[in-house]
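Input: a single structure, listed below in structure tokens.
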Amino acid sequence: MRGPFEQLFDFCRRKPVVLPTILIVLLVLSLIGALRIDFQEDVFALLPHDEPVVSEAQLAMHRYRGLERIVVALECDDPATLAAAVDQADAALRKVDGISEVVSRIDQSAQEDIGSLYIGKAPLLFDEAMQGQVEGRLNADYYGAALQRYVDGQAGAEGIKVVDRFRSDPFGFDELVLRRFEKLNSGFAGKSDADGRILSADGRLAVILLESDVPSSNTGRGRELMSAMDAALAELPDGVTPHVIGAHRSSVDNAEVLKTDMHLTIATSVIAVLLLFIVAFRAVSPILIALLSVGFGFSFALGSQGWIHGELSAITAGFGAVLLGISVDYAVHLLTTYSSLDGDRESRARLALRYVGRPGFVAMLTTVLAISVLRFSEFDGLHQLAEMAIAGIAGSLVFAFTAGPQLLRKMGPKSQAASALSGAIGALQRTRRRFRWPVLCTVGLVTVVLAAFLPSVGFDGDVTNLDGKSERTRAAEKLVAQTFGQETLSRTLVVVGGNDLEEALRQNDLAAHDLHELGAKYESAAWVLPATQTQLDNVSRWRRFWNGDRLEGLRKLIRETAARDPNNPSREMRVSEKALTAFFDKLALAEDPATLNPAALQQRPIWLLLGNFVSKQDGRWYIGTTTQLDVSRLSELKARQPAAIVLNKAAFVGRMIEFIRHDLVLMGGLSLLLVLVVLWLTFRKLREVATALVPVAGGIVWTLGLMGLIGIPFNIINTLVTVFIAGLGIDYGIFFVQTYRGSDSREQADERLKHAGAGVLVAALTTLFGFGSMALARHPALFSVGVTTAIGVISALVLTLTVVPTLLEVKTKHAD
């Protein structure tokens with residue numbers, strides 16, 4: 001009796017126009033749909049869109065321009081040469097197309113601005129933090145030391161300066177104000193030279209900050225920008241080494257590494273697969289049929305996404321292609337079985353379809369069900385990936401089992417073309433049968449040992465570890481971080497906004513207030529540019545602080561504290577209250593001081609400093625504050641500042657790790673349940689179901705165990721490989737079990753298992769060469785996928801060829 005696949009074969013043979021017409025129509029519709037796709041290159045497209053840490057990270061990247069700033073660090077041991085290089089680089093970089101702003105120094109006018117604007121303005125900045133600092137100075141120890149410096153200074157060259165400074169500000173309140181600017185030099189802890197160049201503490205590195213009109217996500221224009229900058233910096237004096245870091249450099253590095261890696265891996269995989277097919281089938285036609293099958297499936301997958309969604313993440317498309325690697329197996333099994341049979345082309349095509357049609361369909365069904373659980377993933381990008389992979393795998397199977405046999409009728413390889421491969425599998429099976437129990441014991445021991453390493457598998461949720469930036473860029477980032485203490489991206493970034501600058505400043509002041517109350521260290525524009533209302537509040541706090549009792553206590557402190565005359569140590573010297581009349585008048589604050597006007601400051605040189613914290617996007621103003629805040633207290637900050645954007649690397653990584661673990665447990669459990677249901681409905685015997693699961697279950701244990709052993713962690717990319725391995729393993733197991741149970745005798749079982757084994761071997765090697773070649777890549781994401789895939793494929797293949805047939809032979813009608 002003819003089965004459904006043979007009936008389909010005969011129908012396509014009798015109606016030779018129907019199948020090509022249907023396939024061409026589907027292909028044209030798929031191509032039209034694929035052309036409608038808008039490919040997105042944003043890595044955030046893979047992440048959960050409704051997750052607060054993800055949405056806030058996106059908003060912070062968009063609204064706080066400091067995250068896209070380009071930093072040029074010039075390294076030189078000679079100060080004079082370094083200074084000349086900074087000036088030369090400044091002039092050259094200003095001519096580069098795409099650079100909108102260059103800051104190579106805090107010029108003298110900005111420094112003078114600080115003095116003219118902020119001396120005597122302590123009341124305007126008298127927040128809780130400054131109040132605590134002032135309280136810390138109102139004691140005999142601080143005043144006594146200041147008084148001694150004043151007395152000592154009267155006899156020295158700095159005498160007049162010391163006298164004037166002490167009489168007007170004996171407790172250094174203006175010094176507290178000016179200190180607030182020390183770490184506002186664009187967030188780099190260092191120093192500046194006489195001309196305002198931003199230098200490291202040892203004077204060996206100078207920093208130039210650049211703003212660009214080119215988004216870092218635009219790698220095409222970014223590559224041109226980086227090339228132009230490199231050319232400009234190549235003309236610097238001998239002995240000067242330029243280092244360029246920032247989002248633009250990282251994006252270009254990633255694009256270049258990916259381009260190089262894809263050329264390498266594609267060339268390697270194509271050559272290896274071509275050689276494999278020529279050796280296995282001794283003909284070119286199998287290559288064409290396999291490529292057409294996979295190509296049709298991939299086109300169908302892209303087309304379905306184009307018609308359904310209209311947009312697709314480029315990353316999703318790339319890894320969808322990886323999952324589609326499973327789809328080549330159906331054509332490979334058909335080709336291997338066909339090439340191992342005797343007879344004319346038509347009879348072999350019919351018989352090959354009879355042998356592989358049912359196991360292939362069941363394998364496809366279980367694979368699709370396993371992949372469908374990606375719809376339950378926390379990562380949005382995996383939802384489209386599941387849709388794309390399911391459509392592609394189903395499309396490939398349809399082509400392989402409909403058009404494939406018809407093509408083999410016309411252009412199939414010669415009879416027994418794969419006999420050498422089948423013979424090798426037969427020899428392997430005879431050896432395996434001779435050493436049945438030692439093989440099982442060895443595999444069992446390896447499984448137990450590798451299972452012991454399962455707890456060692458790590459989870460890496462840090463997407464920056466999948467960054468393909470060059471070693472040169474990594475070294476430059478490390479140098480700058482170690483030298484200047486620049487840790488903006490590894491600390492918490494708090495971004496607040498407002499419809500105008502005044503409103504944004506007010507929100508920033510409130511955020512700074514909350515950070516102070518939480519005991520966090522932070523760097524904020526609120527230190528030196530509070531909102532007008534905050535300045536008035538600070539003045540009120542100043543007046544409340546300097547009440548009558550405190551002023552009287554201060555006068556008493558001044559009367560009772562004495563210094564030693566350097567020329568006569570036995571003589572005590574004090575300062576009269578009269579000499580400090582101007583100081584006490586400032587404390588009393590008879591009238592409100594003029595407030596700092598944020599709008600007016602934008603037109604002054606000091607904005608070169610303050611503008612580093614401020615950004616205007618989409619008609620709104622945003623201000624960023626960096627803070628060192630324990631992750632456990634982020635929830636408190638969010639409760640106090642619900643409208644603020646809070647970006648914390650540790651919290652982001654921790655949340656991504658939670659999602660990865662959740663996905664592994666949920667997807668693993670659901671896919672296993674669905675696969676068990678299908679296998680039970682197919683085989684109806686517990687032993688056969690368990691045997692078919694050996695490659696997938698054992699393959700997962702071996703893969704995870706080896707990952708734990710050699711230190712490869714799970715990340716949001718190679719998590720997909722577990723689904724890939726599960727799909728491959730279940731396919732291999734089903735082909736063997738279905739082939740064995742459909743045999744009528746031991747001899748027939750052996751013969752058909754040779755064909756199935758040859759098909760599994762070629763399919764595994766095709767996958768290994770095609771996607772395992774990514775292990776040659778330098779890009780961390782591709783390397784991670786390549787290594788994990790190679791381990792998984794080899795594990796599933798070894799278990800399929802050694803354990804599955806042995807279990808099938810034990811206590812069955814075909815056993816010895």
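No lab work stands behind these numbers, since they all come straight from the coordinates. Note that the structure is a prediction, hence the values are computed from the model and not measured. When we count neighbours, we look across all protein chains shown, and the Cβ atoms used for this are built from the backbone with ideal geometry, even at glycine.
Values as computed for the structure displayed
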{"read-out": "Karplus 3J(HN,Hα) series, Hz, for the stretch 545-558 with 6.51 cos²θ - 1.76 cosθ + 1.60 (x for Gly, Pro)", "value": "5, 8, 7, x, 5, 5, 4, 5, x, 5, 4, 5, 4, 5"}
{"read-out": "Length gained when the stretch GLU6-ARG661 is fully extended (0.36 nm per residue, less Cα-Cα span)", "value": "231.3 nm"}
{"read-out": "Per-residue HN-Hα couplings for the stretch 703-710 [Karplus 6.51, -1.76, 1.60; θ = phi - 60°; Hz; x = Gly/Pro]", "value": "5, 5, x, 5, 4, x, 5, 9"}
{"read-out": "ALA255 paired with ASN547, simple spin-label distance in nm, labels 7 Å along Cα-to-beta-carbon", "value": "6.4 nm"}
{"read-out": "Dipole-positive endmost among LEU637, LEU501, MET774 within the chain (Cβ charges, Cα centre)", "value": "MET774"}
{"read-out": "Within-15-Å neighbourhood charge of ALA34 [Cβ basis; K, R +1; D, E -1]", "value": "-2"}
{"read-out": "Residues SER540 and LYS578, FRET efficiency given R0 of 35 Å [Cβ-Cβ distance, rounded to 0.05]", "value": "0.75"}
{"read-out": "Amide H contacts of GLU311 (H built 1.01 Å from N, under 5 Å, at least 5 apart or other chain)", "value": "ASP38"}
{"read-out": "Candidate values [x] 147, 90, 59; [y] 160, 62, 48; [z] 119, 53, 47, label of the one derived for Cα extents along the principal axes in Å", "value": "[z]"}
{"read-out": "Along the chain, longest interval not containing exposed GluC sites (Glu not before Pro), exposed being DSSP loop plus at most 15 other Cβ atoms within 10 Å", "value": "236-486"}
{"read-out": "Entries of LYS685/LYS754; LYS556/LYS586; LYS95/LYS521; LYS95/LYS469; LYS478/LYS521 with Cα pairs more than 28 Å apart", "value": "LYS95/LYS521"}
{"read-out": "Point-charge dipole on Cβ atoms (K/R +1, D/E -1) for the chain, about Cα centre, debye to 20", "value": "3980 debye"}
{"read-out": "Centroid-to-centroid separation of the stretch 639-698 and the stretch 530-569 [C-alpha atoms, Å]", "value": "64 Å"}
{"read-out": "The chain, relative contact order in percent, only Cα pairs under 8 angstrom and at least six apart counted", "value": "21 percent"}
{"read-out": "Trypsin sites (Lys or Arg not before Pro) within the stretch 525-599, DSSP loop, no more than 16 other Cβ atoms inside 10 Å", "value": "ARG574"}
{"read-out": "The chain: angle of helix 159-168 to the longest principal axis, Cα-based, in degrees nearest 10", "value": "80 degrees"}
{"read-out": "The stretch 537-572 residues near the modelled ASP152 label - backbone nitrogen below 19 Å, point 7 Å along Cα→Cβ", "value": "561-572"}
{"read-out": "Separation in nanometres of the label points that stand 7 Å from Cα toward Cβ, at ASP342 and CYS441", "value": "4.1 nm"}
